[in-house]
1. With the full set of protein chains in place, find how many percent of the accessible area of the chain is carbon and sulfur; take the probe as 1.4 Å.
2. To the nearest 10 degrees, how steep is helix 315-324 against the longest Cα principal axis of the chain, on a 0 to 90 scale?
3. Of the cross-linked pairs LYS220/LYS306; LYS113/LYS431; LYS252/LYS431; LYS113/LYS207; LYS207/LYS261, which ones have a Cα-Cα span greater than 32 Å in the structure shown?
4. Quick check of the Kirkwood formula: for the range 83-237, what is the inverse mean of 1/r over all pairs of different Cα atoms, in Å?
5. Can you tell me the Rg and Dmax of the range 246-387, counting just the alpha carbons, in angstroms?
6. Taking K and R as +1 and D and E as -1, what net charge do the other residues with C-beta under 10 Å from the C-beta of LEU384 add up to?
7. Which label marks the calculated value of log10 I(q)/I(0) by the Debye sum over Cα atoms at q = 0.07, 0.10, 0.11 Å⁻¹, given the options [x] -0.42, -0.88, -1.05; [y] -0.37, -0.79, -0.96; [z] -0.75, -1.08, -1.19?
8. Sort 335-344, 184-193, 491-500 for me by packing, meaning the mean count of neighbouring Cβ atoms within 10 Å per residue, highest on top.
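The values are calculated or read from the model by the stated rules, or taken from the named source; none is laboratory data. Only a predicted model underlies this, so the values are computations on that prediction, with no experimental measurement involved. Note: ideal-geometry Cβ built from the backbone for every residue, glycine included; neighbour counts use all protein chains shown. Only protein heavy atoms, including side chains, enter the accessible area calculation; ligands, DNA and RNA are left aside. Shrake-Rupley method; radii C 1.70, N 1.55, O 1.52, S 1.80 Å.
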Amino acid sequence: MKRKKFFALVGAGALAVSLAACGDDEPGGGNGGSGPGEGGSTGVPWTLGTTDTVTALDPAGSYDLGSSTLEYNIYQTLVTVPANSTEIVGDAAEECVYDDPQTLTCTLKEGLKFSNGNDLTSSDVKYSFERSIAIQDANGAAIYLLGSITDTAADGTVTLNPDAIETPDDTTVVFNLDKPDTTFQYVLTYPGAAAIVDEDTFPADVKLNDDEVVGSGPYKLSQYESGVQATLEANEEYTGENVALAETVFVKYFSEPSALKLAIESGEVDVAWRSLSPTDITDLSENDDVEVATGNGAEIRYWVWKTDGEVGKDVAVRQAAAQVFDREAIAENAYDGTVDPLYSIVPPGFGGQVDAFADKYGEPDVDAAAQILEDAGIKTPVKLTVGWTPTHYGPALEDEANELERQLEDSGLFDVDLKSTEWEQYQTIYKEGAYDLFALGWFPDYPDADTYLSPFVVDGGFFQNGYSNPAANDLVATEQGESDPAAREAAFEELQGIIAEDVPFMPSWVGQNTGIYRPEMDGVEDTLDPSFIFRFWLVSKTGE
């Protein structure tokens, strides 16, 4: 009998965001570790198989799941969120406490070291933020998530605010925010924005090579070949709560889901996580040699308009497409019903979530869409270049792209030119205007509804689509500076309504977090939560 695990998603957007919420009150931090340790492990090695791709292992240059999967295990952040929880607890810091809504003070644990033996001090923490901002990598997270300690010039250049980070001693870090921001504590949990690196190892102005990175987390990177394999070993210098259960973890990268399916069936890999096709998962659920575990997920897929492009600049075009967009058909025809239609960029389960696109557009309606275009004086069919990427998000994205093309063209209102590009190039050219409309996916950076809003709507978002609405910007600032849950939810609701009206993007679906594993594995279910953080330290394998 198959064990299928389902976990409930806590209403993270409705959290009472206190001004001193970062303390670590539970032994082991609630992360499933066995308590403070000497680092290292003697557990049996195991192998994770995935089709995810890695952009960079230097946190200054990554903002994607494939990269962060390794980064969560290699680096520490000041604070973190345990599995199946929304509570912020200490990681490298004993605690982070808001002295006031614009001042956050973090106290580091004593005796922290990087895996190379170098001491980790407040100077390294400050340096980590400074270099990420200085490098200005468009594929990094820092320039998009650290708005409360940075300034953005008219040309898009991001600079760290003077005196934004103070280090009065080796174990104290003070963040001076330029506005009240109770969500900043959540940003500190995400390695792409807040991983701590060794200032003696990482250069100040360029990214470090992937195979040379050094962190202070439960694991250290011992070998790496891009697109082939990563080898992680238990970090003997680590003294934190998340003690590694396995001595070595191998991560094998597969270009095709079909190859990953064969690998889990044959035992070549012990765990298959991201991304198998819906039919593969259904097939594996009938295989007595593997277990299929499913945790409640907060992965979303959505389509972004280039709102400063020749086609996407017309809100009527965007609204008309939203009016004919059939999410139910996407879920059934492209994903065999394994995902749920999504009617807001914020998925269900987060406080303040509303189905704003359903409220605005109702059922798909070609006549209503035609009227929108006619009223705006736009001739049909509207020519659209629609982009998608064939590997990064799994095989079903091609089916989704084809289904979207069918819906738009069958309406008679659009003439679609569908184009695909591999991820490395795709994430650069979509920002440059290669497509009028393009597909992206998202996993929460932290357990709060803000993670689905501020990176998307403030002045073009991380995808640089040209969208800017002062009212939306103001609402983001309001919810970030508000500690009252009811007031935050009201701001979230209003903001989602603006998004449905302006249509800078169209939410498509929300999916579960699924892992397939061999019977000798333990702990896989424990990390399948809405955060999509695969915590290697929770997983172990029994002897052969």
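1. Roughly 45 percent of what the probe reaches on the chain is carbon or sulfur.
2. 90
3. LYS220/LYS306; LYS113/LYS431; LYS207/LYS261
4. In the range 83-237 this quantity evaluates to 16.5 Å.
5. 20.4, 65
6. Result for the local shell: -4.
7. Matching the structure shown: [y].
8. Output ranking for 335-344, 184-193, 491-500: 184-193, 491-500, 335-344.
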